[in-house]
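Chemist: One structure, as structure tokens, below. Some questions next.
Derivation of every value follows stated rules applied to the coordinates shown; laboratory data play no part. Predicted model, so just to flag it, every value in this text is computed and none were measured. Positions of Cβ are generated from backbone atoms using ideal geometry, with glycine treated the same way; all protein chains shown enter the neighbour counts.
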Amino acid sequence: MSEWLATPDAHLDPVVAAAYDSSTASEFDPEVVEAAVTLLTELATETGGPQAKAVEFAVGTGRLALPLASHGVAVHGIDQSEPMLDQLRSKPGADRITIATGDMTDTTVGDDFDLAYLVYNTINNLKTQNAQVACFANASRHLRPGGRFVIEVGVPKLHRLSPGETIRPFNVTPHHLGFDEYVDLVNQISVSHHYHISPDGRARTSSPSFRYVWPSELDLMARLAGLESEHRWGDWDRSPFTGDSPKHVSVWRKPA
């Protein structure tokens with residue numbers, strides 16, 4: 001497992017950060033963003049009203065933080081990657097976001113937030129169970145009583161593998177090929193192999209490693225952090241979560 005732990009986070013690379021928005025273009029689709037921001041706004045203001053405060057762990061280039069702030073929520077963002085934060089700072093509206101450089105497992109920017117959230121599989125960037133547990137504990141420290149922690153993350157696709165297989169494609173388009181390789185079933189480590197093809201035909205490759213996590217495991221981490229399960233949906237539109245759902249949006253609440 002040590003070789004996977006030693007692999008640096010790809011988002012620390014300025015080249016990856018500069019290409020991040022274009023390489024994840026589907027996540028920037030206005031409908032995708034609006035669905036997420038609408039739900040996050042509702043969850044934050046239900047507790048905090050017009051003065052609602054939210055903190056995004058791994059805020060990145062601000063895909064959700066910027067529109068959430070435009071909805072009137074006071075947004076703080078934490079990220080360990082200065083290159084990603086540089087991309088955020090260059091965007092219109094970035095002055096509305098209070099930014100802190102640091103690790104989402106232990107960097108704290110307050111204790112009176114109505115909402116903490118971590119999206120787009122980023123909990124998997126923490127490559128040990130202990131680190132993921134620490135992330136939940138840090139989210140709980142940020143929340144005031146009644147506040148919520150929201151995570152969006154995919155469901156591991158191990159059940160779709162044929163016996164003896166370890167690799168499954170998750171995205172095949174003219175501009176991007178993505179394959180998940182399950183390399184360590186004991187420690188729940190996978191490697192996502194990406195092949196990004198630019199319009200001029202040049203290819204950029206990357207193979208970051210992650211620790212995948214199960215929904216029930218996340219619920220236990222939440223309980224250890226003093227949070228109670230409130231919702232689990234199949235997507236931001238509050239569609240039901242089922243055994244066939246490729247991902248989930250889960251909400252835990254800090255008891256009042």
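Chemist: About the Cα centre of the chain, what is the dipole size in debye to 20, counting +1 per Lys and Arg Cβ and -1 per Asp and Glu Cβ, all else neutral?
Modeler: 220
Chemist: Please state the charge dipole magnitude for segment 158-206, taken about the Cα centre, from unit charges on C-beta atoms (+1 on K and R, -1 on D and E), reported in debye and rounded to the nearest 20.
Modeler: With Lys and Arg at +1 and Asp and Glu at -1, about 140 debye.
Chemist: Then there is this: Taking a ≥ b ≥ c as the square roots of the Cα gyration tensor eigenvalues, with a/c under 1.5 meaning rounded and otherwise prolate when a/b beats b/c, else oblate, which class fits segment 83-224? Mind dumping the intermediate values first?
Modeler: Details: a/c = 2.57, a/b = 1.27, b/c = 2.03.
Cα axes put segment 83-224 in the oblate bin.
Chemist: Could you run the Debye sum over the Cα atoms of segment 158-206, one equal point scatterer each and no solvent, and tell me log10 of I(q)/I(0) at q = 0.17, 0.26 Å⁻¹, two decimals?
Modeler: Ignoring solvent entirely, the Cα scatterers give -0.56, -0.94.
Chemist: If we sort 76-85, 202-211 on the protection proxy, mean other Cβ atoms within 10 Å, highest first, what's the order?
Modeler: The packing order, highest mean first, is 76-85, 202-211.
Chemist: Further question: Extension gain Ser206-Ser229, at 0.36 nm per residue separation less the Cα-Cα distance, in nm? Could the numbers behind the result be given before it?
Modeler: Numbers: separation 23, 0.36 × 23 = 8.28 nm, distance 3.51 nm.
So the extension gain works out to 4.8 nm.
Chemist: With point charges of +1 on the Cβ of Lys and Arg and -1 on the Cβ of Asp and Glu, referenced to the Cα centre of the chain, which listed residue (Gly154, Ser90, Ala65) lies farthest in the positive direction of the dipole?
Modeler: Value computed over the given set: Gly154.
Chemist: Right, next: In terms of modelled amide H atoms, which long-range or inter-chain residues lie less than 5 Å from the amide H of Ile99?
Modeler: Residues meeting the criterion, in which the H sits 1.01 Å from N, are Gly77.
Chemist: What three numbers, in Å, describe the spread of the alpha carbons of the chain along their principal axes, ordered from the longest?
Modeler: Principal extents (largest minus smallest coordinate, Cα): 49, 39, 34 Å.
Chemist: Another question, then. Which of His175, His231, His11 moves most in a GNM of the chain, Cα contacts under 10 Å?
Modeler: Greatest mean-square fluctuation among the candidates belongs to His175.
Chemist: Still on this structure, please answer the following. Would you kindly derive the ³J(HN,Hα) couplings of segment 43-57 from the backbone phi angles with the Karplus curve 6.51 cos²θ - 1.76 cosθ + 1.60 (θ = phi - 60°), listing them in order in whole Hz, with x for Gly and Pro?
Modeler: Per residue, the Karplus-derived 3J(HN,Hα) values read 5, 5, 6, 4, 8, x, x, x, 9, 4, 10, 9, 10, 9, 7 Hz.
Chemist: Give the shape of segment 84-162 as rounded, prolate or oblate, defined through the alpha-carbon gyration tensor: a ≥ b ≥ c are the square roots of its eigenvalues, a/c under 1.5 means rounded, and otherwise the shape is prolate if a/b is larger than b/c and oblate if not.
Modeler: Working: a/c = 2.04, a/b = 1.38, b/c = 1.48.
The shape class here is oblate.
Chemist: Also, I was wondering about something else. Place a +1 charge on the Cβ of each Lys and Arg in segment 23-90 and a -1 charge on the Cβ of each Asp and Glu, then give the dipole magnitude about the Cα centre in debye, rounded to the nearest 20.
Modeler: Roughly 220 debye for segment 23-90.
Chemist: Scan around Val55 for amide H atoms under 5 Å from its own, H built in the peptide plane at 1.01 Å from N, and keep only partners 5 or more places away or cross-chain.
Modeler: His76, Leu115, Ala116, Tyr117
Chemist: How about Lys127: which lysines have a C-alpha closer than 22 Å to its C-alpha, ignoring those fewer than 8 places off in the same chain?
Modeler: Cα-Cα hits under 22 Å: Lys157, Lys247.
Chemist: Per-residue ellipticity at 222 nm for the chain, helices alone: DSSP H runs ≥ 4 residues times -39500 (n - 2.57), over residue total, nearest 500 deg cm²/dmol?
Modeler: When only DSSP H runs of four or more count, the value is -8000 deg cm²/dmol.
Chemist: Could you check the simple spin-label distance between His193 and Leu220, using points 7 Å along Cα→Cβ, in nm with one decimal?
Modeler: 3.2
Chemist: Residue by residue through segment 66-76, which ³J(HN,Hα) values in whole Hz follow from phi under the Karplus form 6.51 cos²θ - 1.76 cosθ + 1.60 (θ = phi - 60°), with glycine and proline marked x?
Modeler: 5, x, 5, 5, 5, 7, x, 7, 6, 10, 10
Chemist: Return the distance in nm (one decimal) between the two label points of a simple spin-label model at Ser70 and Asp13, each offset 7 Å from Cα along Cα→Cβ.
Modeler: With each label placed 7 Å out from Cα toward Cβ, I get 3.1 nm.
Chemist: For segment 148-183, run through the trypsin sites (Lys or Arg not before Pro) and keep only the ones in DSSP coil with at most 16 other Cβ atoms within 10 Å of their Cβ.
Modeler: Lys157
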